[in-house]
1. How many of the residues making up segment 366-385 are more than 15 Å from residue 337 (Cα to Cα) and either within 16 Å of ligand 2 (Cβ to nearest atom) or touching a residue at least 60 places away in the same chain (Cβ under 8 Å) (or both)?
2. Please enumerate the residues belonging to segment 231-243 that are in contact (Cβ under 8 Å) with a residue 60 or more places away in the chain and either over 18 Å from residue 306 (Cα atoms) or in contact with a helix residue (DSSP H, G or I) (Cβ under 6 Å, 6 or more places away or on another chain) (or both).
3. Specify which of the listed residues (273, 222, 285) is within 13 Å of ligand 2 (Cβ to nearest atom) and either touching a strand residue (DSSP E or B) at 6+ places or on another chain (Cβ under 9 Å) or assigned to a helix (DSSP H, G or I) (or both).
4. Residue check: is residue 358 surrounded by fewer than 16 Cβ atoms within 10 Å (Cβ to Cβ), free of Cβ contacts under 8 Å to residues at least 24 places away in the same chain and closer than 30 Å to residue 242 by Cα?
5. What are the residues in segment 25-59 that are over 23 Å from residue 85 (Cα atoms), assigned to a helix (DSSP H, G or I) and touching a residue at least 60 places away in the same chain (Cβ under 8 Å), if any?
6. Report yes if some residue within segment 134-143 is at pLDDT 90 or above, more than 15 Å from ligand 1 (Cβ to nearest atom) and farther than 20 Å from residue 254 by Cβ; otherwise report no.
7. Could you tell me whether segment 316-332 includes any residue that is under 30 Å from residue 215 (Cα atoms), within 9 Å of ligand 2 (Cβ to nearest atom) and either over 19 Å from the mean Cα position of the chain (by Cα) or assigned to a helix (DSSP H, G or I) (or both)?
8. Just the residues that are touching a strand residue (DSSP E or B) at 6+ places or on another chain (Cβ under 6 Å) and within 16 Å of ligand 2 (Cβ to nearest atom), please, taken from segment 44-100.
Ligand code: HEM
Ligand code: HEM
C-alpha cells in the first residue's frame with residue numbers, strides 16, 4: 001500500500017517532483033535493511049546471542065522486545081519510524097503539486113499515512129524498566145489504534161482515491177465520504193481501545209466504556225459494506241472492456257471482509273460476556289485472520305494489481321493468474337475461518353465456561369481428538385490460500401517482466417529517434 005501511495009499522485013499529475021525516484025529508492029533500501037535486520041535481530045535475540053538483561057541493553061536495541069506485534073528491537077523501530085516519516089514527506093511533495101486545498105483527496109492520504117507513523121511513536125514510550133501494565137497500555141495504542149482507527153482511515157482514503165482515478169467516483173463525493181466515515185471510525189475507535197484495558201491490568205470500569213464505543217465501530221463498517229455494494233454495481237455495469245476489473249474485484253473483496261472480519265467477528269469478541277471468557281482463544285485467531293488478511297491483505301494485493309495494470313503493456317495484460325489467485329485466497333480464507341478457527345474457538349469458549357480458562361488453554365484441550373480433527377481441517381483452507389499466493393506471485397513476476405521489457409524497448413526506440 002505504501003508503493004501505491006507513492007505511485008498514485010503520478011496518475012493525477014504529468015510529472016514527479018525532482019529527486020522523487022531517488023527518494024523512493026532510498027525508502028526501499030531502508031525498508032529492506034529494516035526488515036532483514038529486524039527478522040535477524042528477533043531470531044538471534046531469542047537465541048540469546050545479544051546477552052541477557054543483566055549483561056546490558058543490546059538485546060533491547062537489536063534483538064526481541066518480546067511483545068506480540070511490537071517485538072522488533074528499538075533500533076529497527078527507529079528506522080521504521082524514519083521510513084514512515086520519509087514516506088509521508090515524499091507523498092506530501094507529490095500531493096503539493098496537485099494544487100488542491102488542504103481538505104483535498106490527496107491530502108487525506110498524507111494525513112492517514114502520517115498518522116500511522118504518529119501512532120507508531122507510542123511504541124517508543126516504554127523501556128525495559130517500565131511496568132508491564134503501562135507497557136501493554138502503549139502496545140495497544142499501536143495495535144488497536146492502527147487496525148481499528150488509522151488503517152481504516154487509510155483504507156477509506158486509498159479506496160476513494162483508487163475509485164476516483166478509475167473514474168467510478170466523483171472527487172467531491174469521495175472527499176465528503178472520507179470526512180464522514182473517518183469521523184465515525186475515530187469517534188468510536190479512540191475510546192474503543194479500552195476494550196483491551198481490563199486485560200492489561202487497568203480498572204474494570206474500562207470494560208463497559210470500551211465495549212460501548214467499540215460496538216459503535218460497527219456503524220461505520222456498515223457504510224463500508226454499503227460502499228462495497230456500490231463497488232459491485234460499478235463492476236457489473238462496466239462490462240468486459242473496463243480495464244480495472246481485477247483491482248476492483250480485490251477492493252470489493254477487501255470491503256466485504258472488512259465488514260465480516262472486523263465488523264461482525266470484532267463486534268462478537270468485543271462483547272464483555274464473550275471477551276471476558278474468550279480472551280486470546282481461537283475466536284480471536286478467527287477474528288484476526290479474517291480482519292487482517294481479509295481487509296488489509298486483499299486491499300494491498302488489489303492495489304498491486306492496479307499498479308501492474310497501469311505499467312503493463314495492453315497486449316500482454318492477462319488477468320487469469322490474478323482472478324484464480326483472488327478466488328483461491330477467498331475460498332481458502334472462508335474455509336479456514338468457518339471450518340476450523342471458529343469451531344475450535346466456540347469449543348474453547350465452552351470449555352472456559354464449564355472448566356475454566358486454564359483448562360481451555362491447556363495442551364490437553366488441543367489434544368482432544370475432535371479438536372485435533374478441527375485443527376487439521378484448517379489445511380483445506382490453508383492450501384488454497386497458499387496456492388492463491390503462489391498464483392499471485394507468478395502473475396506479478398510475469399507482468400513485471402513484461403513491463404520491464406517494454407520500458408527497455410521504449411528507451412531504445414527513443415534513443416534511436418534522438419540519434
Ligand atoms: C479490520 C479491522 C481489524 C483488524 C485487522 C483487527 C485485528 C485484530 C488482531 C490482530 C487482534 C489480536 C491482537 C492481540 O491478541 O494482540 C484483535 C483483537 C481484538 N479485536 Fe480486532 N481487529 C479489527 C477490528 C476490530 C473491531 C471493529 C472490533 C470491535 C468492534 C475489534 C475487537 C477486538 C477485540 C475485543 C480484540 C481482543 C480479543 C481478545 O481479548 O483476545 N476488532 N483484533
Ligand atoms: C496458510 C496461511 C496461514 C497459516 C497456516 C497461519 C497460521 C497461524 C497460526 C498457527 C497462528 C497462531 C495461532 C495461535 O495463537 O494458536 C496464527 C496467528 C496469526 N495469524 Fe496466521 N496463518 C496464515 C495466514 C495468515 C495471514 C495471510 C495473515 C494476515 C495477513 C495472518 C495473520 C495472523 C495474525 C494477526 C495472528 C495472531 C492472532 C492472535 O493474536 O490471536 N495469518 N496464524
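The values are calculated or read from the model by the stated rules, or taken from the named source; none is laboratory data. This structure is a prediction, so every number in the text was calculated from the model and none was measured. Note that each Cβ is placed from the backbone with ideal geometry, even for glycine, and that neighbours are counted across all protein chains shown.
1. Looking only at that region, the number is 4.
2. If the condition is that a residue be in contact (Cβ under 8 Å) with a residue 60 or more places away in the chain and either over 18 Å from residue 306 (Cα atoms) or in contact with a helix residue (DSSP H, G or I) (Cβ under 6 Å, 6 or more places away or on another chain) (or both), then 231 is the only one that fits.
3. The unique qualifying residue is 285.
4. Taking the combined requirement at face value, the residue does not satisfy it.
5. 53
6. Scanning segment 134-143, I find at least one residue that is at pLDDT 90 or above, more than 15 Å from ligand 1 (Cβ to nearest atom) and farther than 20 Å from residue 254 by Cβ, so the answer is yes.
7. Within segment 316-332, one or more residues are under 30 Å from residue 215 (Cα atoms), within 9 Å of ligand 2 (Cβ to nearest atom) and either over 19 Å from the mean Cα position of the chain (by Cα) or assigned to a helix (DSSP H, G or I) (or both).
8. Listed by number, the list holds a single entry, 71.
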